[in-house]
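Written below as structure tokens is the structure these notes are about.
The values are calculated or read from the model by the stated rules, or taken from the named source; none is laboratory data. All figures in this text were calculated on a predicted structure; none of them were measured in a lab. Positions of Cβ are generated from backbone atoms using ideal geometry, with glycine treated the same way; all protein chains shown enter the neighbour counts. Protein only, heavy atoms only, side chains kept; ligands, DNA and RNA dropped before computing areas. Shrake-Rupley method; radii C 1.70, N 1.55, O 1.52, S 1.80 Å.
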Amino acid sequence: MAQLPSFLEMYRDLIAIPSVSCLDTSWDTSNKPVIEKLARWFEALGFQIDVHELDHQAGKFNLLAHYVPDGCDSGGLLLAGHTDTVPWDEGRWTHDPFKLREADGRLYGLGSADMKGFFAFVLEALRGIDLTKLRQPLYIIATADEETTMAGARELDAFGHLKPAYAVIGEPTNMVPVTAHKGHLTEAIRVTGKSGHSSNPAAGINAIEVMHDVITELRVVQQEFRERYHDSTFVVPYPTLNFGAIHGGDAANRICACCELHLDMRPLPGMNISDLYGIIDQRLTEVKAKYPGAICLEHMHEPIPGYRCEPDSKIVQLAQQLTGNQAEPANYCTEAPFVQELGCQTIIMGPGSIAQAHQPDEYIRIDEIAPAQNQLRELIQRICL
């Protein structure tokens, strides 16, 4: 225990290590130094440590810290979080995003809320617990690349002995149990036309005009989503399709040969992802027939399914009792569907506010630190002792 730094020192050290996950390689950073630091701290508490370099993302790592009492090979509690952050807005932070700053009753820093700081909460909650008294296993997972591809969460099966009964993902929810969220699909539709001189548009195939036909059909898909699917759990109770970015052409006096549209889709929990693709394919059938080989759809990342934990689950009831907060759904997407595949009852609950995520001058309020630490400690004790 003496080897474990103070809570604020741990927080400061985690924030100080860049671990940006970004599809733009000029921003992207390995999370290995964060994993190594967490490994030392959890090992100092008596945990066994397994580190897995991702098969599909070299230089990125998952960590499993585990304490499994003799005679147990499953059950217990998993506390999970991701080690990566989004990039920061150059010039919009008041201070260095990698230097933890205490001011105005807040701790500022990149990852203070979303969500490297969660691991300091877990370590502090464990400081007063004698692991040798545990009757059920306790696991801590630290993943890579949640902010982009969720590559780390997709490789949890690398830890074959990870079989918890319950899981809590420490995303910033103000310690409100979150029990459902939509999935996330990001797609690129590319139209390849035929360039030519603008004085004779019929001599080429204008990719912008073809994309206009594509968008017209996809607008019908938007309406079909509203009419065909419904889940009153969510403020927006149907799957959504958003046109996020479009690029095409290079000069007014040329027939546009290339146009690309980026889509965001948010399926409801339980929806079959292939059904969504099937609806789109069906709507685009006539346009594709009119322009053979001109239209293709590509995944910008592998699909993330929706997630739901039943409200009468034991972990939901316990979290509500300990925090006094009623469970609710979320609009954002997390690693929950992948953690849930381990076979455990899974909720999302952690300190800090999602309103601070991905923002300049990200912070967590100091007055919520002690209550969250106590609630996490009580959760561990109620499940594992």
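Odds and ends about this structure:
- Any hit, the range 121-129, residues being of a type in the set (Phe, Trp, Tyr) and open to solvent by less than 10 Å² (accessible area, probe 1.4 Å): yes
- When MET300 is tested against (1) surrounded by 19 or more Cβ atoms within 10 Å (Cβ to Cβ); (2) modelled with pLDDT under 95; (3) of a type outside the set (S, T, N, Q); (4) out of contact with any Pro (no Cβ under 9 Å at 6 or more places or on another chain), exactly one condition is not met: (1).
- Within the range 315-373, the residues that satisfy the criterion of being free of Cβ contacts under 8 Å to residues at least 60 places away in the same chain, small (Gly, Ala, Ser) and more than 13 Å from ASP114 (Cβ to Cβ) are GLY324, ALA370.
- For MET265, the requirement of being among the aliphatic types (A, V, I, L, M), open to solvent by less than 70 Å² (accessible area, probe 1.4 Å) and either closer than 29 Å to ALA207 by Cα or in contact with a Cys (Cβ under 6 Å, 6 or more places away or on another chain) (or both) is met.
- Listed by position, the helices (runs of 4 or more DSSP H) contained in the range 260-337 that have at least 3 residues being of a type in the set (D, E, K, R) are 273-283, 285-290.
- The lone exception for HIS247 - which of (1) more than 30 Å from LEU376 (Cβ to Cβ); (2) touching a residue at least 24 places away in the same chain (Cβ under 8 Å) it fails: (2)
- Of VAL210, VAL178, VAL191, all but one fail to be under 28 Å from the mean Cα position of the chain (by Cα), of a type in the set (Val, Ile, Thr) and buried (at least 20 other Cβ atoms within 10 Å of the Cβ); the exception is VAL178.
- Selection status of HIS247, at pLDDT 95 or above, open to solvent by 70 Å² or more (accessible area, probe 1.4 Å) and within 27 Å of GLU328 (Cα to Cα): no
- Per-region count, the range 342-385, residues more than 23 Å from LYS163 (Cβ to Cβ), among the β-branched types (Val, Ile, Thr) and not in a strand (DSSP E or B): 3
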